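Below you'll find the structure, written out as structure tokens, and then a few comments.
The values are calculated or read from the model by the stated rules, or taken from the named source; none is laboratory data. Fair warning: this is a prediction, and the values are worked out from it, not measured in the lab. Here the Cβ positions follow ideal geometry from the backbone for every residue, glycine too, while neighbour counts run over all protein chains shown. Accessible surface areas use protein heavy atoms only, side chains included; no ligands, DNA or RNA. Shrake-Rupley method; radii C 1.70, N 1.55, O 1.52, S 1.80 Å.
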Amino acid sequence: MTPASTGFVSARGTQLFRHGHPHYVSGANYWQAMNLGMATGPSGARAQVLDDLATLSSHGVNTVRILAASEGSQYGREPDRMYPALMTAPGVYDMDVFEGLDWFMAQLPRFNMTAVVSLSNYWTWSGGAAQFVSWATDTRIPYPKQWDHLRQVLEGGEYQAFLDYANRFYADPLLYNTTQRWYREHVERVVTRTNVYTGLEYRDDPSIMAWELMNEPQIIPGDYDQLFRLIDETASFIHALDARHLITTGAESKNGAPWFRAMHRSPHVTLASAHFWALNWGLYNATDPSVGSVDFAIGEMQKFVGGVSEWSRELDMPCVLLEYGLMRDQWGPSAGLGAYKPGAPVTHRNRFYAAVADAVIEHSGHRGGAFAGAAFWAYAGSARPPLQPTEEISWTGDPPHEPPGWNSVYDNDTSTLAVISGFSSRLQGD
């Protein structure tokens with residue numbers, strides 16, 4: 001894509017453009033958008049959405065990353081899943097949820113924001129790849145360890161058993177044609193949908209910055225071809241429907257340069273993706289109050305950002321760090337479950353967020369790098385965790401399979417929002 005004078009975000013080399021000028025992303029993950037945007041039902045909270053977007057905009061956030069996919073189970077309500085689901089069975093939709101997505105997208109121009117729109121999810125908290133396999137085989141998902149909201153502990157099965165099951169979405173030749181047909185039918189349904197509030201087809205809406213193929217597709221060790229096939233075929237399919245929007249993979253890019261290249265070498269992928277999770281990847285000890293604990297994570301993050309920038313430059317492609325986050329302090333008065341309370345301190349989080357800002361700017365287009373910005377995980381706004389254990393979804397920034405409050409940034413987290421505001425200013429002005 002070449003720089004355009006329209007409102008569509010485009011890419012040339014390692015630089016993003018909008019309105020004919022270089023464009024940088026100060027982003028927030030707001031995966032819950034379509035459910036909060038519903039006019040009715042237990043998840044609808046339009047007044048909150050407007051407040052949340054206003055707060056984010058006031059801190060320089062110009063991009064939200066949202067989910068335009070969730071899949072329900074044929075076995076009824078399953079644990080730790082988004083409900084109501086957008087797709088209740090292959091090709092069958094809850095139109096109230098779809099119109100919640102429409103309404104949310106219609107609000108973005110008011111705040112001069114764009115959205116990275118994810119068209120599927122690897123993980124089960126939205127149904128995800130495993131739900132397509134469950135539909136195709138009429139078998140139950142072998143859930144990995146997830147948060148039991150009533151007992152407030154992690155419970156579940158073996159992680160590898162879940163990976164083996166979910167990977168069948170793109171690795172099982174007996175299922176591939178079926179799962180991919182359902183998936184592409186959904187992709188086409190979203191990309192070509194006419195927004196009931198704006199009258200625009202989604203593919204004509206400049207408020208969409210990029211289509212994301214899948215949130216965090218996981219590798220199959222030693223088999224580059226299967227995942228590349230999924231990415232290349234899907235990206236080609238989207239490009240044939242919509243040649244104006246960027247396309248990104250949703251990859252974490254955590255598996256090194258060869259996998260990064262395999263997941264981004266499709267000619268139809270125009271924006272590289274990366275995520276960094278210090279705690280999840282064993283690079284941070286949440287119960288260690290020392291500065292050394294978070295500084296070790298920061299050091300690993302700096303190496304990661306530098307590496308991804310170099311790999312993206314080799315492909316002549318811009319990159320955005322589409323997820324990064326850290327939980328609240330988990331020691332002293334906020335030890336154990338106390339770390340999930342909104343009042344728990346954010347000492348390490350703020351230090352980490354500030355370091356991410358420094359690293360992304362150091363490797364941005366301003367300094368000859370490939371990074372075009374970053375998006376923190378995740379914004380909860382005025383939502384708060386429940387006061388008592390419950391299986392009802394709290395719609396904080398933490399998906400249903402995680403403890404509410406784990407990585408959420410709230411509207412009164414003034415010190416964290418100040419870090420984000422500073423990042424926004426530096427990113428746009430450096």
quick note, the chain, DSSP beta bridge pairs, % antiparallel (nearest 5) is 25 percent
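Please work out the average accessible area per residue across region 271-379, using the 1.4 Å probe convention, and give it in Å².
So region 271-379 comes to 33 Å² accessible per residue, rounded to a whole number.
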Helix-only [θ] at 222 nm, the chain, -39500 (n - 2.57) per DSSP H run of 4+, per residue, nearest 500, equals -11000 deg cm²/dmol
A45 long-range amide H proximity, modeled H, under 5 Å: G37, M38
Separation between Cα centres of region 360-381 and region 36-96, rounded to whole Å: 25 Å
What value in Å³ per residue do you get for the convex hull of the alpha-carbon atoms in the chain? 125 Å³
Around M263 (Cβ within 13 Å, Cβ-to-Cβ, excluding M263; K/R +1, D/E -1) the net charge comes to -2
Cα lying deepest toward the dipole's positive end in region 297-395, options H366, W331, G299, charges on Cβ: W331
Computed about the Cα centre, the charge dipole of the chain from +1 Lys/Arg and -1 Asp/Glu charges at the Cβ has a magnitude in debye, to the nearest 20, of 620 debye
Could you size up the charge dipole of region 291-430 around its Cα centre, putting +1 on the beta carbon of Lys and Arg and -1 on that of Asp and Glu, and report it in debye to the nearest 20? 320 debye
Round to a whole angstrom and tell me the spacing of the C-alpha centers of region 198-214 and region 130-184. 28 Å
Debye calc, one equal point scatterer per Cα of region 225-273, no solvent, log10 I(q)/I(0) at q = 0.20, 0.21, 0.22 1/Å comes to -0.60, -0.65, -0.71
Nearest-10 value in Å² for the accessible area of L227, using the 1.4 Å probe: 0 Å²
State the volume of the convex hull built on the alpha-carbon positions of region 357-430, expressed per residue in Å³ and rounded to an integer. 94 Å³
Farthest toward positive dipole pole in region 98-226 [+1 Lys/Arg, -1 Asp/Glu at C-beta], among I141, Y159, Q218: I141
Based on the alpha-carbon gyration tensor of region 145-186 and its eigenvalue square roots a ≥ b ≥ c, which shape applies: rounded if a/c is under 1.5, prolate if not and a/b is larger than b/c, or oblate? oblate
Can you send over the carbon and sulfur percentage of the accessible area for the chain, probe radius 1.4 Å, protein chains only? 52 percent
With point charges of +1 on the Cβ of Lys and Arg and -1 on the Cβ of Asp and Glu, referenced to the Cα centre of the chain, which listed residue (Y176, S253, G128) lies farthest in the positive direction of the dipole? S253
Could you grab the relative contact order for region 206-290? Cα pairs under 8 Å, six or more apart, rounded to a whole percent. 32 percent
Hydrodynamic radius (Kirkwood) for region 87-196, which is based on Cα pairs only, to one decimal in Å: 15.9 Å
In nm², the average projected area of the convex hull spanned by the Cα atoms of region 1-122 is 9.0 nm²
Which of the lysines could a cross-linker bridge to K341, judged by Cα under 30 Å and excluding same-chain residues fewer than eight apart? K145, K254
Translational D in µm²/s for region 306-419 (Stokes-Einstein at 37 °C, 0.692 mPa s, Kirkwood Rh from C-alpha pairs): 213 µm²/s
Electrostatic dipole magnitude of region 21-96 [Cβ: Lys, Arg +1; Asp, Glu -1; Cα centre; debye, to 20]: 100 debye
Below 8 Å, C-alpha to C-alpha, sequence gap of six or more: please give me the relative contact order for the chain in percent. 18 percent
Area accessible to solvent at T287, 1.4 Å probe radius, in Å²: 80 Å²
